[in-house]
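Input: a single structure, listed below in structure tokens.
Every number here is computed from the coordinates shown, using simple stated rules; none is lab data. Because the structure is a prediction, the values reported are computed rather than measured. Because the Cβ atoms are built from the backbone with ideal geometry, glycine has one as well, and the counts that use them run over all protein chains shown.
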Amino acid sequence: MNGDRLLIRVREILRDVETVSHQGRFWDDVEIAIALNQSQEIFINTVLRLKLYHLLAGLHTTTGFQSPNPDVNDGWMTLPEGYLHYVSARVNKDMPVIARVYLGASADMYKNAVHAGVFIIKDLYRGIFEYNTETEVELNYYRRPSYIGLTSLGDDTRSDFTQVDFPDYVYDSIICGHAAVLLGMKETQTQREYKIKKHIFTHYNIFPKALIELFYDVEKLKELIEVLMGNQRRGGG
């Protein structure tokens, strides 16, 4: 996924843009890329937990019917690369039958049952139709979304860089919005710091000329902060 547009969107939300009065940026591109991908993971997990499957329509794919090889992993097949979560399954290619899907320990409990089933354990799966454990299996599933990369980080060489998995509003409003929240944690401050800043702003409002001078006189600014911190200590913080 080309995240260049999302990078701009996140910076706009955080007001982290370069202007005439604001020089430099607080967040690096790599930090925003990490936050975007983490936000995407949180979005996926939330959707699966709340069963809002319509939001994952762009991730739906299928293995097609696959035949197990009894000489490899005792007939267990490896889940496809990028597998995220199952949707449905069918067995018996000649006369396809919808199969019930079992995960983890429950798969072992029903592996000898006389019915149509597909068992998924860790990164392996196989099917059963009546007593036939060598039946063909078709697994419909959600794949993992593409990595959100940035041109500035050299991610435009990835094969999935142009792949789009969700509607624009998911990226712009949900993923970018939550990424901004995650990045905002970098700006944490203590109650004491908040009070000191509040006093400084009050002083600026009362003495606007002093505000202008402080921008050019670092020593005066340090002296003011030290005085304010001293007042805080004497006043009990």
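Figures for the structure shown
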{"quantity": "Theoretical gain in end-to-end length, Ser152 to Glu41 [0.36 nm per residue, Cα-Cα removed]", "calculated": "37.8 nm"}
{"quantity": "Length gained when the stretch Lys51-Lys186 is fully extended (0.36 nm per residue, less Cα-Cα span)", "calculated": "45.4 nm"}
{"quantity": "Residue-wise HN-Hα coupling along region 119-129, computed from phi with Karplus coefficients 6.51, -1.76, 1.60 (Hz; x: Gly, Pro)", "calculated": "10, 10, 10, 6, 9, 10, 8, 7, x, 9, 10"}
{"quantity": "Environment charge of Val118, counting only residues whose C-beta is closer than 10 Å and scoring Lys/Arg +1, Asp/Glu -1", "calculated": "+2"}
{"quantity": "Extension gain (nm, one decimal) between Val227 and Asn132, 0.36 nm per residue minus Cα-Cα", "calculated": "25.9 nm"}
{"quantity": "Highest average packing first - 78-88, 131-141, Cβ atoms within 10 Å", "calculated": "131-141, 78-88"}
{"quantity": "Mean Cα-pair separation over length for region 1-187, i.e. relative contact order, pairs under 8 Å, 6 or more apart, %", "calculated": "33"}
{"quantity": "For region 1-187: span of alpha carbons on each principal axis (Å, largest first)", "calculated": "74, 33, 24"}
{"quantity": "Under 18 Å from the Ile98 label point (7 Å along Cα→beta-carbon), backbone N, region 115-151", "calculated": "115-119, 128-130, 137-142"}
{"quantity": "Net charge of Cβ neighbours under 15 Å - reference Phe166; Lys, Arg +1; Asp, Glu -1", "calculated": "-1"}
{"quantity": "Per-pair calculated FRET efficiency, R0 = 45 Å: Asp16 and Leu124 via Cβ, rounded to 0.05", "calculated": "0.50"}
